[in-house]
Each structure stands twice: as C-alpha cells, then as structure tokens.
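The values are calculated or read from the model by the stated rules, or taken from the named source; none is laboratory data. Keep in mind that this is a model prediction, so the values were computed, not measured. Cβ sites come from the backbone with ideal geometry, for glycine too, and all protein chains shown count toward neighbours. In case anyone asks, the SASA skips ligands and DNA or RNA and just uses the protein heavy atoms, side chains included. Shrake-Rupley method; radii C 1.70, N 1.55, O 1.52, S 1.80 Å.
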Amino acid sequence: MPILVVGLHARSAPLELVEASSISGEALEKAALTLASSAHIDGAVVLSTCMRTEVYASAEEFHPALGAVGEFLAGLAQEDPQRLSPYLYCYWDQGAARHLFRVAAGLDSAVVGEGEILGQVRKAWRVSRTARASSAALDALFRAALGAARAVRSKAGPSRASWSTAGLSVELAEAKLGTIEGKRAAVVGSGELARGLVRRLTRNGALVSVVARRGSESASELARARTVSLVDLEALPDALVWADAAFFALGGSAGQFGVEVISKASPLVAVDLGLPRNLDPSARGLPGVVVLDLTDLSELARRRKEEMAAWEERAAEALEEEFAAWSMRHSRPEAMAVLARLRAWADEVRRSEIERYEKRLGVLDERQRKALDALTSSIVSRLFHKPSVLLREEFGSKAGERLAEAVEVLFGLREPTRRTDWRSEVDFELGSGGPLEAASPGD
C-alpha cells in the first residue's frame, strides 16, 4: 500500500506555525489514532521534533488522504487550511519512502548528521505501533528506514559530535562564555535532548545540574548515571541564579516560563531549545541575560554546512545504495525486468570498452585491474541511478509505460513499436511528491 508524507518544517515555515503544531507525550499517541481512524487512511505515524511535525500515512488514494492529513495539521496548528497549505510539503509512494530514509539518517535535519533524530523516528513508530495506529506497510517501511540509517552511519563513518543538536547548543553558549569548562550549567528537562546536553557538558568539563520535576524517573536515572546534581523544577529560579548557562529542553507540554523566573539570574546565557519555546520571548530584554533559541541554532548549523559537506556526500551516497537495494526488492517485476536489461547492456559496454583500451593501458597488476573495474562500475551505477529511480517510481502508470519504452528505445534494447512524437506525448512529472512537493525542505 502506498505511503503519504505531509509535513511542516522550521526551515520553510514560520517558527510560530511549527511551534503550534508540535505534539508530544500522550498527545502523540492520540494524534496517530485520530489519523488512523480516518476513512481515507489505513495507518499513521506522527513524528514531532523541535524542528518538524510530519504525518506518515498508508492510504490507497492520494488526494483523499492528503485532504485528511491537511485538515488534521491545520487543526493542530489552529490555522486556516488555506493559510497553512503553502508551508506544507508532501511526498507520495517511493518519494515518501526516500524522504523517511533521509530523515532517519539525519540527512534532512537542520544539523545534518545529528544523531538524535534516529531515536526520535524509532520512538514515533513505537508509539504508533503500541497504540495499534500503524499498519503493515508503515511497519515495513520504518523497519527498513531505521536499518538503512544504521548502515549509512557505518559506511559514512561517524559525524563530529558537535554537529548534534546538543553539541551545537553547547557551542552557542561557549561563543558567549568563552569556554564551558569550569562553568556551572543548568539543564532544564530530562528527555533525550537533555541527556545529550548532559553528556556534552560533562565531557567539556562543566559543573552540571539537572532541573526536572520531583519524582521524574528519567531525571533520577540521568543523575545516577552521571556526576550531576538533581534539582526540583520548582526551584528553577534558584538554579538559574547559580548557573552561568542554562539549557531549556522541556517538551511541548511544559509551557513557557515567565520573565520572573529568570529576572534575578544575571549574568546568564540561556539557550532555549523548546518547541514551543520554554522562555517568554520578552526575556531577551533583561539586563545581563543572553537568550538564544532555535533560530540561532539553525544559523550556526548553516555556517557549519560547508564543514559537513564531505561527510554528507559519503552519507548521501551510502543512503542511495541502501534505498536502491530496498526499492529494487519492492519494485514491480516489469520494472525490474527493464532495469535488469538496462544494467546488463551498460555492463556489457563497460567491459568491452575496457578490453578495447587494454593495450593502451599497458600491463596492469591485479590490484590495478580491480581498481579499474571498481571505478568503471561506479561510474555506470551513478549514470543509471536516476533512470532506475524514475522507472521504479512511475512504472504501472501511463507515464511509466512511456518512460520504459523511451529507455528501451533510446538504449537500443528494443525497436520502437510505432512512430512517436516524444515532445508531445512524454509529459509526466519527474518528481514523486504530490502537488505540494515544491515547498519541501531539505531536498
């Protein structure tokens, strides 16, 4: 059954809209159940992070499912669907699968390569499965995407820890403090991001205090596992007076802290990572208080983009290999037959050209022969990657039939069955998304 993805991302939508659509805790399970109960949706998984809210739905028909998800997101953000629509991005079928693969591998994150997203994707799927809101198609896709993400990290190598959200957050504070070593840092929250912050801060030599609600099991475990102190959330004002830096990482249900909570904490560098924001925006005007938020984090991530280019290139190539292997296993037999003939023809040309130039190349040892074979095979794979993706995505439609015929005729795999005016008849979308795809971030 095809998969639909509709989402809202801080990269292409106002932060206020992303903030309003953010959901967590029990609301996440309720949202998945609400979507799955729609007449047009077979199953749903809702992914909500500090930068995005996405709905993954299995459905037979694209437009009815898109309408149902669009109305749901509009209700979540308490916005008119017409106002929200320009900020939504959408993928369908193979495009949706590819998007999830990219998200899970950290290639669609504001901080490319960050590790938190893998756990967030796994948690979103687990919540939906526990609530019995998922479907067999979604289960298979999420299982494959999580496996591919692990394989990508193995092939591409580890990305620098400072490229994680926690690492960049600490770096933001250090830009104002000079160094975090020896400084006192309060981490407000006890979730996955808070754990990452504690790890980074203690590794960098900071004195850390975790501020969380009394009786929080996750906070107690964090305090036991690390050499950090534990402070009840009610004592937050005192904890902020003690601290040189504070990192707010409470979930969307926490609400905002007013100016009075932070008014006596001067000097203080406060990094607000909450969505909705944990701190009242007017706190920026307090003397001696520097407030940084997700906008500042995105800007730092943008400056780091160039540094990340080499890792991203390796990871993207590894992801394409994983996605191509998965897609081949799930493509239609007819499409696989055309692809097999195309690949066989290309490999035959490759081998014949190597033989033709063998005398000019001189005597090659075994290592050089293997290197030449690997190089030419890689070139062929990359040249035929896009045609392969399009054949799999479009096969079964009229556009797909024309595309398959065009490929076979152009590469001499068969004679044309009739005279064809390709300029007038080959008129199909090369993208795999729906009508909102142009608004999609990250691709």
Rounded to 10°, Cα long-axis angle of helix 192-203 versus longest principal axis of the chain: 70 degrees
What is the chain's relative contact order, in percent, from Cα pairs under 8 angstrom and six or more apart in sequence? 17 percent
For the ranges 178-186, 222-230, 127-135, what's the packing order if you count other beta-carbon atoms within 10 Å of each residue, average per peptide, and put the highest first? 127-135, 178-186, 222-230
Can you tell me how region 207-362 classifies by the Cα gyration tensor, rounded, prolate or oblate, using a/c under 1.5 as the rounded cut? prolate
If we count every other residue with Cβ under 15 angstrom of Asp238's Cβ, Lys/Arg +1 and Asp/Glu -1, where does the sum land? -1
Cα-only radius of gyration and Dmax that characterise the chain, units Å: 25.5, 82
Probe of 1.4 angstrom, ligands and nucleic acids ignored: what's the accessible area per residue over region 196-352, in square angstrom? 50 Å²
Lysine pairs, Cα distance under 23 Å, 8 or more residues apart or cross-chain: how many in the chain? 9
Antiparallel versus total DSSP beta bridges in the chain: what percent is that, nearest 5? 45 percent
Starting with the highest mean, order 101-111, 198-208 by the number of other Cβ atoms within 10 Å, averaged over the residues of each peptide. 101-111, 198-208
With just the Cα atoms of region 53-172, tell me how far they stretch along each of the three principal axes, in Å, largest first. 42, 34, 26
Percent accessible area from carbon and sulfur atoms, the chain, protein chains only, probe 1.4 Å: 52 percent
Helix-only mean residue ellipticity at 222 nm, the chain, DSSP H runs n ≥ 4 weighted -39,500 (n - 2.57), per residue, nearest 500. What is it? -16500 deg cm²/dmol
Could you work out the local net charge near Arg360, counting Lys and Arg as +1, Asp and Glu as -1, over the other residues with Cβ closer than 15 Å to its Cβ? 0
Assuming R0 = 41 Å, what is the FRET efficiency of Asp232 and Arg143, from their Cβ-Cβ distance, to the nearest 0.05? 0.55
Among residues other than Phe323 whose Cβ falls under 9 Å from its Cβ, what is the net charge (Lys/Arg +1, Asp/Glu -1)? -1
